[in-house]
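For reference, the structure is listed below as structure tokens.
The values are calculated or read from the model by the stated rules, or taken from the named source; none is laboratory data. Keep in mind that what you see is a predicted model, and the values were worked out from it rather than measured. FYI the Cβ positions are ideal-geometry reconstructions off the backbone, even for glycines, and counts take in every protein chain you see.
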Amino acid sequence: MSSIDATAILVTHNSAGQVTAALTALRQAGLPVRLVDNGSTDRTVELVRSRFPEVLVSAGTDNPGFAAAVNRAAADVGTRVLLLVNPDCVVPPKTTRTLVETLLSRPQVGIAGPRLLDCTGRTAVSAHPFESLTTVVASRFGGVLIPVPVRRWLSGRHRRRAYDACLRGGLPTGVDWVSGACMAIRTSLFTAVGGLDEEYFMYYEDEELCLQARRRGAEVLYLPSVTAVHTGGASSSDPTWIWPHLYRSMLVFFSRHRPRSRHAVRVVVLSRALLGIVLAAGRLFLQPRAGAARMRAWTRVGRIAVTRLHLGGRP
């Protein structure tokens, strides 16, 4: 098998249950892999070192965040392309080759991402326009609170085009940003933008990266003809840990790039947290453990929103 001019980078945190499938696929593709472990306690590092001795592993005792770990792994990469892969994402060799070849054959393209499938084989929406106040309202008050047709109407024409490219498209499509669960980027571009922004502990770092790439004139391309399977949940399914990071990163992004909307977004986040607390209180009677976890999670999200309102918009 001919070598691929790319290096795969994975970041793990208690990912022993998922990382084997991801690394097996990358081994089949024949490209070097660098893995940074952020303080796993489930023997992820031991598993990788024993079953995949060719993988360059860097193990830490703490968790500095996803962006910091990726930057650490990418510091001295010699290949022309980086392939960022979540440990819960299986990327077939054909997809790997297509992503890399697309970047190497199309100089205007700086980032490329495949169609993502969930564990049932359904297409997941993984190409998006940049977030706005309207999309935040539509997504954070979604589910049973806002019917799907209404959410689609609120999302705007640009977002609907991105959704259509994911769900029905077959041709390469230029988009604002693609999911970092599986993303190929030119190494030179990654270096030029300063890598992933470490202000984002997790979430929104992929959107920020694509925004910075587009500001430098690089195209972000969604390739629906090739797929990867993203099961989700490789690091944690604990809402008390995930949701505060998600909403904090959202507020950082809006404070930087949507200053006119930042206060309104904070009000939306606070309102969603209060609603979440009320709903969690009702769940306490039927599912005490799940209800208590959601109560703690939404309380932390509300505290983040209040703090950032008090700080007057500082990220």
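Figure legend. Inter-residue proximity from the range 108-129: first residues farther than 12 Å from Gly180 by Cβ, second residues acidic (Asp, Glu) and assigned to a strand (DSSP E or B), beta-carbon distance below 6 Å, spacing 6+ or different chains. Indicated pairs: Gln108/Glu219; Val109/Glu219. If only residues of the range 129-143 that are part of a loop (DSSP other than H, G, I, E, B) and at pLDDT 80 or above are counted, the one that is surrounded by the most Cβ atoms within 10 Å (Cβ to Cβ) is Glu131.
Evaluate the range 117-128: report whether one residue or more is part of a helix (DSSP H, G or I) and either modelled with pLDDT under 90 or under 16 Å from the mean Cα position of the chain (by Cα) (or both). Looking through the range 117-128, none of the residues is part of a helix (DSSP H, G or I) and either modelled with pLDDT under 90 or under 16 Å from the mean Cα position of the chain (by Cα) (or both).
Is the range 245-256 home to any residue that is touching a residue at least 12 places away in the same chain (Cβ under 8 Å) and closer than 27 Å to Arg43 by Cα?
Among the residues of the range 245-256, at least one is touching a residue at least 12 places away in the same chain (Cβ under 8 Å) and closer than 27 Å to Arg43 by Cα, which makes the answer yes.
Looking across Arg49, Arg43, one residue alone is touching a strand residue (DSSP E or B) at 6+ places or on another chain (Cβ under 8 Å) and more than 20 Å from Ala228 (Cα to Cα). It is Arg49. As for the range 85-99, it holds at least one residue that is among the acidic types (Asp, Glu), in contact (Cβ under 8 Å) with a residue 40 or more places away in the chain, within 18 Å of Leu23 (Cβ to Cβ) and buried (at least 20 other Cβ atoms within 10 Å of the Cβ). Taking every residue in the range 259-276 that is closer than 21 Å to Arg294 by Cβ and touching a residue at least 12 places away in the same chain (Cβ under 8 Å) and pairing it with any residue that is crowded, with 19+ Cβ neighbours inside 10 Å and among the aromatic types (Phe, Trp, Tyr), at least 6 positions away or on another chain, the pairs with Cβ-Cβ distances below 6 Å are Val269/Tyr247; Ala273/Trp298; Gly276/Trp298. Taking the criterion of being assigned to a helix (DSSP H, G or I) and within 20 Å of Phe190 (Cβ to Cβ), the residues of the range 77-98 that qualify are Thr95, Thr96, Arg97, Thr98.
Within the range 24-52, residues that are at positive phi reach partners that are outside any helix (DSSP H, G or I) and of a type in the set (A, V, I, L, M) with beta carbons closer than 8 Å, at six or more positions or on different chains, in the pairs Gly30/Met1; Gly30/Ile4; Arg43/Ala16. Conditions first: (1) farther than 27 Å from Leu246 by Cα; (2) touching a Lys or Arg at 6+ places or on another chain (Cβ under 6 Å); (3) buried (at least 22 other Cβ atoms within 10 Å of the Cβ); (4) among the hydrophobic types (A, V, I, L, M, F, W, C). Val36 passes all but one, so which condition is the exception? Here Val36 clears every test but (1). Condition test on Ala59, is it farther than 16 Å from Ala16 by Cα, aliphatic (A, V, I, L, M), surrounded by 14 or more Cβ atoms within 10 Å (Cβ to Cβ) and in contact (Cβ under 8 Å) with a residue 12 or more places away in the chain? No.
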